[in-house]
Every structure is written in structure tokens, then in C-alpha cells.
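This report concerns only the one structure given below.
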Amino acid sequence: MSILIYAESAEGKFRKVAFELASYAKKVAESLGTTVTAVTVNTGDVSELSKYGVDKVLKVTNAKLAGFSAKAYADVIKQAAQKESTKVVLLSSTTDSIYLAPLVAVSLEAGFASNVVGLPVSTSPFQVKRNAFSNKAFNITEISSDVKIIGLAKNSYGIFENASTLTEEDFNPTIGDNDFGIKVESVEKVTGKVSLADADIVVSGGRGLKGPENWGLIEDLAAVLGAATACSKPVSDLGWRPHGEHVGQTGKPVAANLYIAIGISGAIQHIAGINSSKVKVVINSDAEAPFFKVADYGIVGDAFDIVPKLTEKLKAFKASNS
């Protein structure tokens, strides 16, 4: 009756969220006196999961699952949960898992709590703390169903090593053609070196950059920080940057440890989508920009003057400490 996690991967390698989910699951499993099982899809070496407390891996290898299909992946997780007789299923809050969670919940007749930000407040009754109202408040949610599904908010728990002895098992769930109702012809990929899904630091630009030809300011700063690049909705709408980099309530939600907004005024939809970020830094020439009201740190000034100087200072700092 182990806890089950879906350990996400991309191109055969685990995403960072898989290790955070495993770390979280291990702690929950200890409180419940059980173990942690992970289900993986088309992942190569799974041994790294043992560092973070996973006791068993159900390895699914199937060419049909090369492209993400929410219905098919949800069916895989459902069958894994039934095989392990699990009562708690843990998912992350990536774009894929946000699609997966309700499908898995319906198929298992399970209660689902999204945006969970900490370990269960209680296990009897089973209660969890969640973000609410676009991350402006918290609530305590009780899940009373037999099977419980938790969607862990990104960067809300952290990654902690807790080594275990890992058992690997090939798992061959039944996958029907009706699981693939939508055919994906292509997937738009962000060209940055760090993906938004795995980023601890995000450097984001808005219309204050004045044009795509100035995006080097964002990319240079991101490179020094090892950060992902992102943009506001107007920037992607104008075609300056791909839509895959659009963050905010109407784009990709961001819960980075550090979010730097450059030339972004701070529309309510944008702020709602990045509000879970732990530290928010704003650089804008308009002292009245709404973003300053929610920022932890703010710089009023011209980005074309400030950002290059900041980048050079960071480069010098890294060089002196290397």
C-alpha cells in the first residue's frame, strides 16, 4: 500500500520536479509507515530516484507514449495505482501533471487537492495546506475519499537526499487506441538553456525592452545566473518571443526561487501567475508600475543602463569566487 508518484522526465532524463516529489513522498510515507513507489515513462536510468527515498520503480517503456497524451498517461498512472493498491498518489504542478490530475482522480474516484504547499497538516483526517486565490491566501483542505491525490506546488518543499534501496520492475499497462484521441504533430520547445519547468531562477522581459533585437539583455543576465528566460503576454503576442516563454495566469505559472522582471509593468494576470515565486525583483523606469507593489526588491531606472551593469557585476563576482 505504498505511496505512488509520477516521476516526470523529458527525453529520457528526470526533471527536477521528480526529485522534489520523491523527497516529499518519502516524508509523507514515513508518517504513514509505508514506502514510495514511482512510475516512469520511457525513462532510461532510474537509479537516481533512490537518492531521494524511492523504494520501487515501475518502468513503463512504450513507443506509443513517446509524445505526451494526458489520457494515455493518466491511464498508466491509474493502472499503476491499482497494481500497488495505493491510497495516496502524488503529482507535481507542471503543465503535464495539471492536465493529468483530474483524469487520474476521476478514474480512481479519488479526491484531488491542487497547489499543495506543505506536508499534510493531519493524516487522520487527511488534511493539506494549499495556495488559494491566485496565491494570495492559504486554505486547509480535507480529502475524505479512500484514494487521495495531491498536486504539489513547484518549489514548495525542496529536494532532500534520503537514500533507499531501489527495486526496479518492468510494468506493461494496457493502453488502448482510444487513449490517443488527439494526435500531436509538433511541440514548440523553448530554445533557452534552462527550461521554465526546472528553473530555480527566471529572468523575464516585457515591452520595456522595446523590441526583439534587445533580448540579449535578458539572455546575458540569465546566462550568468543559470536562469530560464521568460516574457510577458504582450511580448509573445507581438511575436518577439515564442509563446512557450509566456508566463503569467494566462501563460505558464512560475514558482521560482528568484523571479526578475525587467520592463514589465505588472498586469494583474501576470502577477497572479508568478506570485508563488519566493523573491521577486523588478527593474522598471516607471516608479508607479504596479509590479513594485508586490516586489521584494525594486529598481527604478532604465533597463538598458541597469541590466548590463548588473550582468557585469555578477560576472565579476562569479569570477572572483571560482
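Throughout, read-outs are computed from the coordinates displayed, never taken from laboratory work. In this text the structure is predicted, and so the values were computed from the model without any measurement. Methodologically, a virtual Cβ is constructed for each residue, glycine included, from the backbone with ideal geometry; neighbour enumeration extends over all protein chains shown.
Length gain on complete extension for the stretch Ser31 to Ala316, per 0.36 nm per residue less the alpha carbon to alpha carbon distance?
Numbers: separation 285, 0.36 × 285 = 102.60 nm, distance 4.62 nm.
Answer, rounded to one decimal: 98.0 nm.
What is region 185-305 by shape, rounded, prolate or oblate, if you read a ≥ b ≥ c off the alpha carbon gyration tensor as root eigenvalues and call it rounded for a/c under 1.5, prolate for a/b larger than b/c, and oblate otherwise?
Numbers: a/c = 1.39, a/b = 1.27, b/c = 1.09.
It comes out rounded by the Cα gyration axes.
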Projected onto the charge dipole of the chain (+1 at Lys/Arg Cβ, -1 at Asp/Glu Cβ, origin at the Cα centre), which of Ile159, Val17, Phe138 gives the Cα projection farthest towards the positive end? Phe138
Does anyone have the angle between helix 216-225 and the longest principal axis of the chain? Alpha-carbon axes, 0 to 90°, nearest 10? 50 degrees
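Could you please report the charge total around Ile3, scoring K, R as +1 and D, E as -1 over all other residues with beta-carbon less than 15 angstrom from its beta-carbon? Intermediate results must be reported in sequence, preceding the final value.
Working: positive: Lys26, Lys27, Lys56, Lys83, Lys87, Lys148; negative: Glu20, Glu30, Asp55, Glu84, Asp146.
Overall, the nearby charge balance is +1.
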Taking Cα atoms, how many degrees apart are the long axis of helix 303-320 and the longest axis of the chain, rounded to 10 and kept between 0 and 90? 60 degrees
Checked against a 23 Å limit on the C-alpha separation, the offending pairs among Lys26/Lys83; Lys13/Lys87; Lys129/Lys154; Lys26/Lys280; Lys26/Lys129 are Lys13/Lys87; Lys26/Lys280
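Just how large is the dipole of region 240-319 about the Cα centre, in debye to the nearest 20, putting +1 at every Lys and Arg Cβ and -1 at every Asp and Glu Cβ? Present the calculation step by step, with values, prior to reporting the outcome.
On the way: 9 positive and 7 negative charges, 74 e Å.
So the dipole magnitude of region 240-319 works out to roughly 360 debye.
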Angle, helix 70-84 long axis vs. longest principal axis of the chain, Cα atoms, 0 to 90°, nearest 10? 40 degrees
For the chain, shape from the Cα gyration tensor axes a ≥ b ≥ c, cut at a/c of 1.5 then a/b versus b/c, turns out prolate
Amide H contacts under 5 Å for Gly111, placed H, 5+ residues apart: Ser145, Val147, Ile149
For the chain, the longest site-free run once GluC sites (Glu not before Pro) in DSSP loop states with at most 10 other Cβ atoms within 10 Å are removed: 189-287
Give the shape of region 219-289 as rounded, prolate or oblate, defined through the alpha-carbon gyration tensor: a ≥ b ≥ c are the square roots of its eigenvalues, a/c under 1.5 means rounded, and otherwise the shape is prolate if a/b is larger than b/c and oblate if not. rounded
When the charge dipole of region 196-320 is computed with +1 on Lys and Arg Cβ and -1 on Asp and Glu Cβ about the Cα centre, the Cα farthest towards its positive end, among Ser236, Ser276, Tyr297, belongs to Ser276
